[in-house]
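Visitor: After the structure tokens below, expect a handful of questions from me.
The values are calculated or read from the model by the stated rules, or taken from the named source; none is laboratory data. Treat the numbers as computed from the prediction; the structure is a model and nothing was measured. Glycine also receives a Cβ, built like all others from the backbone with ideal geometry; neighbour counts cover every protein chain displayed.
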Amino acid sequence: MKSKIYLPFLFSIFLASKVDAQGLDQAIEEKVQTLLDQMTLEEKVGQMTQIDVGVVTVMDGQDVPQPFDMERLSDAIINHHIGSILNAPSTPNNQAQPIEKWRSMTQTIRTMAQQTRLKIPVIYGIDAIHGATYTQNSTLFPQAINMAATFNRDLSFKEGEIASREVKASGIDWNFSPVMDIGRQPLWPRLWETYGEDVYLASSLGRAFIEGHQGDNMSAADKAPTCLKHYVGYSFPLNGKDRTPAWIGERMLREYFLPSFEEGIKAGAPTIMVNSAEVDGIPGHANYQYLTTILRGELGFTGFTVSDWEDIIRLYSRDKIAASPREAVKMAVLAGVDMSMVPFNFSFYDLLLELVHSGDVPVSRIDEAVTRILRVKYQTGLFERNEPEILVSGNFATKEAEAINRQAAQESIVLVRNEKQFLPLSKKTSILVTGPTANLLSVMNGGWTLTWQGDNESLYPKDKLTLLKAIEQKTSGKVTYVGGKNYQDEINIEQAVNEARQHDVVVLALGEKTYTETIGNIDTLNLPFVQIQLAKALFATGKPVVLVTFGGRPRIITEIAKQANAVVLGFLPGMEGGVAMADILFGDVNPSGKLPISYPRNTNDIVHYDHKPMETFDPNQYNPLYPFGYGLSYSQFETSGLRLDKTQINIGDNIEVSVEVKNSGKITGKEAVLVYLNDVVASVTRPTKQLKAFAKVDLKSNETQTLHFDLSSEAMSFIGVDMKRRIEAGEFKVMVGSESVNFNVNEK
Ligand code: GLC
């Protein structure tokens, strides 16, 4: 009897674990095919349709416990067979929901989907790009630019774990994150959603996030599928404004913009969101070469692509490459878009049915897209899920998550100037705190925070501290605040100057208000003039000034930074940013952040650290205010003894790099050690250096650690004249700190 039960179980395990050459689970593939064979064309096209939750909820749905208009929900799920819903019930200013409401909302959708003929689950997506963004009191991490500044893969992994757990605790299924775009255009209003300018750093932290978010089994109760975005080349608009043309040649595409997506695909991300803009005159949603030839043919992606917001119809309404909405749907679906974020109606559904009936879009293309969508729904366990699987308690907004979040914020803050060790401050110091970002949580969190723009300060949790509140909490000295309640409130400079004279130190918090997407477009990186005026007036008092900045972009501070006693760049450190900044200002934490971008000296001074030799031919050409990888500590760290296990290798061989790192300071500190490589002579001009490895260590005073890094042959490769990745024989240089060692690669 036992063996009888045992054998089928064994066989099902064998079948379940049978994976084909593409890495596809055969048991899932069989289920997909069986289901697909039963589906009507309407049910298939419905799966390719994603709508905003506003289509099926009452106006001001965020203000009522049960926001659904059940007739419209039934029409969407039962009659239009929709495959996905996204976003939060919204007023113009989307508002975060209590978690209990999310759980009941998503359960209502699951129950309705169970009433469909084939019971295909709806996948609910949200932009939890730094935590469960539209769930009240969720753990909201530093934004990606800050996570990059930690140079700490482990923290990115933990962020992925916590974001996934809190998204699932909300009953939501799918996270439109991470952004794998490379941030090389500092004017772009979504720079802070990227992991910065370096391919290796972005790929490493993005992978860690995905691994934490999806775990080994994406269908686990506290795991959820991720979504790489925005494929590809969206982050490099020539004029710096969101959703404007990028001009990216194939070599730059393959060197700088494809690799992070390739890494995300290798890490197992099952969905990809498409670039809203255009590259070289081809809108992302109509680019067959990117969406099919490269993504499927070269990168072997087997998941599904989802359009970005309204971007299929925009091929007609904005880009004018489609003569009608019908033409736009045909173009996008044939280019390789599998699911349409329509999102306000069923136009995509109606038009695509027409296109299939008229033979303009073959059923085979519909089957291909639906196969991918069903595959991901099976992979993520949606078919077996009939309620939010994990409890709120123990999985949501826990003290452990808050502590990890605070550590991430601390490690993401970058100390770039500390004249005569001015910092840390004594906790008896009397301090004037002033500036437009001193007393707001929004300026430390950025967009996709409780609301889309993150700018509704009244919605922010009352138990989280602004920089001002955190300073007040931490010091016994007298603290006075001169400033407004909102970012744009005028600051009385005369009052600030008078107060400065009554205090030991001024903490001046400048920077940007919160924004995302086109709303955040700017014409210059210069800071608003009033901020410079305030700074200069305070410097004129002769009082020491600590300059703190918050915001998503490197605004120009050159003129004032050199007059400050210390400069600390906060960027967007998240909900624990205030306490983390105060931890650093008063020395409870030793700063360890390093810049993931080149910080420009002037607004048009956009040169990246991995620049070409001709960009340093004239020494003044590459002259950032603070370079990529720069960041100070209250300790001093030195690397030494840089050495390689070989100095002669053949093409295809790896090489091991070893180096000692010592904390010669008086206090324990963390330090990211960065390993750069230069291909000295090659058939295509090579960057003078590129990051190829990094590790972060935590060392006591006078402690030394030896680090070993494996540089693979992949690290030595580049895109050749023929646009193919290659390695060439010749001399290479490894650089760590102030040392460099050369090795030779020889033909086999
Ligand atoms: C937006 C963004 C994208 C986001 C999507 C859904 O327009 O470009 O990052 O995931 O819409 O909110």
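Visitor: I need the full set of residues from the range 291-309 which are free of Cβ contacts under 8 Å to residues at least 60 places away in the same chain, touching a strand residue (DSSP E or B) at 6+ places or on another chain (Cβ under 7 Å) and surrounded by fewer than 24 Cβ atoms within 10 Å (Cβ to Cβ), in order please.
Guide: The answer is 309, and nothing else.
Visitor: Then there is this: Can you list residue pairs whose Cβ atoms sit under 6 Å apart, with the first residue in the range 431-448 being on the phi > 0 side of the Ramachandran plot and the second being in a loop (DSSP other than H, G, I, E, B)? Count only pairs 6 or more apart in sequence or on different chains.
Guide: That search, which allows pairs on different chains as well, returns 446/143; 446/454; 446/514; 446/552; 446/572; 448/127; 448/133.
Visitor: Additional query: Condition test on residue 552, is it at negative phi and outside any strand (DSSP E or B)?
Guide: yes
Visitor: Within the group 428, 485, 478, which residue is in contact with a Gly (Cβ under 7 Å, 6 or more places away or on another chain), away from the ligand (no atom under 16 Å from the Cβ) and of a type in the set (D, E, K, R)?
Guide: Answer to the check: 428.
Visitor: Say whether the condition of being away from the ligand (no atom under 16 Å from the Cβ), touching a strand residue (DSSP E or B) at 6+ places or on another chain (Cβ under 6 Å), closer than 27 Å to residue 137 by Cβ and of a type in the set (S, T, N, Q) is met by at least one residue in the range 161-172.
Guide: The answer is no, given that none of the residues of the range 161-172 is away from the ligand (no atom under 16 Å from the Cβ), touching a strand residue (DSSP E or B) at 6+ places or on another chain (Cβ under 6 Å), closer than 27 Å to residue 137 by Cβ and of a type in the set (S, T, N, Q).
Visitor: Is it the case that some residue within the range 464-484 is buried (at least 19 other Cβ atoms within 10 Å of the Cβ) and over 22 Å from residue 588 (Cβ atoms)?
Guide: So far as the range 464-484 goes, yes, one or more of its residues are buried (at least 19 other Cβ atoms within 10 Å of the Cβ) and over 22 Å from residue 588 (Cβ atoms).
Visitor: For the range 591-607, give me the residue count where each residue is crowded, with 23+ Cβ neighbours inside 10 Å and among the polar types (S, T, N, Q).
Guide: Total meeting the criteria: 2.
Visitor: Quick check on my filter: what residues within the range 118-157 are part of a helix (DSSP H, G or I) and under 24 Å from residue 100 (Cα atoms)?
Guide: none
Visitor: Further question: Can you find a residue in the range 362-370 that is within 16 Å of the ligand (Cβ to nearest atom), touching a residue at least 60 places away in the same chain (Cβ under 8 Å) and crowded, with 19+ Cβ neighbours inside 10 Å?
Guide: no
Visitor: Is there any pair linking a residue in the range 104-127 that is closer than 14 Å to residue 46 by Cβ to one that is at pLDDT below 95 and more than 16 Å from the ligand (Cβ to nearest atom), with Cβ under 8 Å and at least six apart or on different chains, and which?
Guide: As it stands, the answer is 121/385, since those pairs meet every condition given.
Visitor: If you go through the range 128-142, how many residues are away from the ligand (no atom under 13 Å from the Cβ) and either without any contact (Cβ under 8 Å) to a residue 24 or more places away in the chain or surrounded by 24 or more Cβ atoms within 10 Å (Cβ to Cβ) (or both)?
Guide: 8
Visitor: Across the range 425-463, what is the total count of residues that are surrounded by fewer than 23 Cβ atoms within 10 Å (Cβ to Cβ) and small (Gly, Ala, Ser)?
Guide: Of the residues in that region, 3 qualify.
Visitor: Can you tell which of 107, 115 is assigned to a loop (DSSP other than H, G, I, E, B), surrounded by fewer than 23 Cβ atoms within 10 Å (Cβ to Cβ), away from the ligand (no atom under 16 Å from the Cβ) and of a type in the set (S, T, N, Q)?
Guide: After applying the criteria, what remains is 115.
Visitor: Answer yes or no as to whether residue 166 is within 18 Å of residue 259 (Cβ to Cβ), over 11 Å from the mean Cα position of the chain (by Cα) and touching a residue at least 40 places away in the same chain (Cβ under 8 Å).
Guide: Judged against the criteria, residue 166 is not a match.
Visitor: Could I ask something else about it? From 300, 233, 240, 281, grab the single residue that is away from the ligand (no atom under 16 Å from the Cβ), touching a helix residue (DSSP H, G or I) at 6+ places or on another chain (Cβ under 8 Å) and at positive phi.
Guide: 300
Visitor: Determine whether residue 125 is within 16 Å of the ligand (Cβ to nearest atom), within 19 Å of residue 306 (Cβ to Cβ), modelled with pLDDT of 95 or more and under 22 Å from the mean Cα position of the chain (by Cα).
Guide: The answer is yes for residue 125.
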